[in-house]
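What follows draws every value from the coordinates through simple rules; no lab data is involved. Model, not experiment: these values are computed from the prediction. Cβ placement follows ideal geometry from the backbone for every residue including glycine, while neighbour counts extend to all protein chains displayed.
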Amino acid sequence: MTVPKPNPTLSSVDGSPARRSAILQAAFAVLMERGYSGASTLEIATRAKVSKRELYAEFGSKAGILRSLIAATSARMQVPLQTAEIPDRGALAAALTRYGISVLSELTTPAVIAINRLAVAEAGRSSDIGDVLETAGREPNRRAMADLFTRAQAGGLLGNGNPDAMGGQFYSLLTGDLLLRLMLGVARPPTSAEIKRRAETAADAVLVLNAP
């Protein structure tokens with residue numbers, strides 16, 4: 001999750017990207033310091049140098065701010081799937097590898113790890129953060145993967161399994177217990193070479209498991 005850097009000199013311009021960036025940057029900082037339940041829109045607005053009215057006009061609610069933070073990351077992850085052409089299994093493997101690299105490159109950043117830690121810490125106190133992670137983050141990626149596998153099946157590149165299950169297989173093969181270990185602080189983020197190797201291995205394995 002890339003948290004935009006604010007530009008205070010532009011943050012008061014109605015509807016400006018700089019104002020949104022300032023609010024998102026401030027929100028991330030407040031969430032990390034206070035937790036979701038303890039974060040107030042007043043403090044976020046104050047740090048972003050905007051009014052609460054401007055904050056609500058941009059995002060609607062505290063949950064709306066969080067949704068925007070997570071949705072931006074989710075959208076970046078899906079780009080390789082949205083542009084993928086898969087005339088054969090080699091192209092499918094390449095698309096899955098690119099997607100795997102995109103997923104791990106985003107999910108292993110300090111900001112995303114911090115948000116996931118926050119979601120665990122807030123479980124039972126507030127359902128907002130878990131719900132937003134699911135609906136704005138994980139669910140769009142599940143749908144995008146299922147769509148890719150459905151198209152691959154239609155082209156005769158995969159067997160007749162459940163596309164959602166195939167997506168789950170790929171994700172499990174890709175991440176293993178890495179994300180949990182990162183959240184616990186007992187693993188270091190993977191290098192670019194390690195991410196590429198994981199993505200290639202997961203892509204090859206899911207194609208073998210679901211051969212036509």
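For the chain, take the longest principal axis of its alpha carbons; what is the angle in degrees between that and the long axis of helix 139-154, to the nearest 10 within 0 to 90?
Between the helix axis and the principal axis of the chain, the angle is about 20 degrees.
For every other residue with a beta carbon closer than 13 angstrom to the beta carbon of Phe149, add +1 if it is Lys or Arg and -1 if Asp or Glu, then tell me the sum. All intermediate terms of the calculation are to be shown ahead of the outcome.
On the way: positive: Arg89, Arg142, Arg143, Arg151; negative: Asp147, Asp164.
Spelling it out: positives minus negatives among the neighbours equals +2.
Could you give the spread of the C-alpha atoms of segment 17-60 along their three principal axes, from largest to smallest, in whole angstroms?
So the three principal-axis extents are 24, 16, 15 Å.
If each of Gln82 and Arg47 carries a label point 7 Å out from its Cα toward its Cβ, how far apart are those two points in nm?
About 2.9 nm, to one decimal.
Using just the alpha carbons, could you tell me how many Å³ per residue the convex hull of the chain encloses? Before the final figure, lay out each step's value.
Details: hull volume 26.8 nm³, N = 212.
Looking at the chain, the number lands at 127 Å³ per residue.
Ratio of segment 96-212's C-alpha Rg to 2.2 N^0.38 Å, to two decimals? Intermediate values should be presented prior to the final figure.
Numbers: Rg = 15.3 Å, N = 117, 2.2 N^0.38 = 13.4 Å.
That works out to 1.14 for segment 96-212.
Report, in degrees rounded to the nearest 10, the 0 to 90 angle that the Cα long axis of helix 110-122 makes with the longest principal axis of the chain.
Helix 110-122 sits at roughly 80 degrees to that axis.
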